[in-house]
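What follows is a set of notes on a single structure, which appears directly below.
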Amino acid sequence: MAHVILGLLLLAPQSLYGLIKSFEAGVALFYSASSGSIKRALDTLLDKNLIEVASTEPGGRGKKVYRTTEAGRQEFHRWMTGELSGADLETAALARLFFLGLLDPADRPPVLRRIQERAAADLAQLTALKKHLDTMEVPAEFRDVAAYQRATLDYGIASGRHALTWFGNLADRGGPQTG
């Protein structure tokens, strides 16, 4: 979540309330977060000097507006251009895709290729699992359960194929077509 917040703050300095609204307005399509988790991530980013308080509004509540520091910009770039981590490819890939326009054009295709490579690796694992399961005999009392578990695996394979193709096509085109 910290990297998503860094990306949002690179787009524009924001308050906690603004970040919550930014999550609701777009980021929540691929990354869910509570206001408490956003606040905790902000505190961590402040402690690591990756963000700073840009201003504090006068008045009773003293709303703070945050912005990234140079160290925060560097950390964001390292995350964007680094290896995808975590078990959930979709969240990792879409978080980077959402902010890909913040990178220099030359840095974008390698990010898309890394996503494509991860999709290929995940798909290979699922395909190997399917091959293994095809060799197993399922006891009669578990066939209904196994059928739906297999349907779940089939969905994962179809989703992996789609991700592999979609990110490959996007990389081949050099990004989305604008205009």
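The values are calculated or read from the model by the stated rules, or taken from the named source; none is laboratory data. Not measured: the values here are computed from a predicted model. Every residue, glycine as well, gets a Cβ built from its backbone with ideal geometry; the counts of neighbours run over all protein chains shown.
Things to note:
- Yes/no for ALA124 being at pLDDT 95 or above and not in a loop (DSSP other than H, G, I, E, B): yes
- The one condition from (1) charged (D, E, K, R); (2) loosely packed, with under 11 Cβ neighbours inside 10 Å; (3) modelled with pLDDT under 95 that ARG118 does not meet is (2).
- Taken together, the criteria place LEU94 among residues that are surrounded by 13 or more Cβ atoms within 10 Å (Cβ to Cβ) and either free of Cβ contacts under 8 Å to residues at least 40 places away in the same chain or within 19 Å of the chain's Cα centre (by Cα) (or both).
- Condition check for GLY156: within 29 Å of TRP79 (Cβ to Cβ) and touching an Asp or Glu at 6+ places or on another chain (Cβ under 7 Å): no
- Count of residues meeting criterion [surrounded by fewer than 10 Cβ atoms within 10 Å (Cβ to Cβ) and basic (Lys, Arg)] in region 126-142: 1
- Filter result for LEU133 (at negative phi and touching a residue at least 24 places away in the same chain (Cβ under 8 Å)): no
- For the residues LEU89, LEU84, LEU123, the requirement of being farther than 22 Å from ARG173 by Cα, surrounded by 13 or more Cβ atoms within 10 Å (Cβ to Cβ), in contact with a Lys or Arg (Cβ under 9 Å, 6 or more places away or on another chain) and of a type in the set (A, V, I, L, M) singles out LEU123.
- Looking only at region 11-37, and only at residues there that are under 16 Å from the mean Cα position of the chain (by Cα), in contact (Cβ under 8 Å) with a residue 60 or more places away in the chain and part of a helix (DSSP H, G or I), the one that is surrounded by the most Cβ atoms within 10 Å (Cβ to Cβ): VAL27
- Filtering SER55, SER32 for residues that are out of contact with any strand residue (DSSP E or B) (no Cβ under 9 Å at 6 or more places or on another chain) and farther than 21 Å from LEU102 by Cβ leaves a single hit, SER32.
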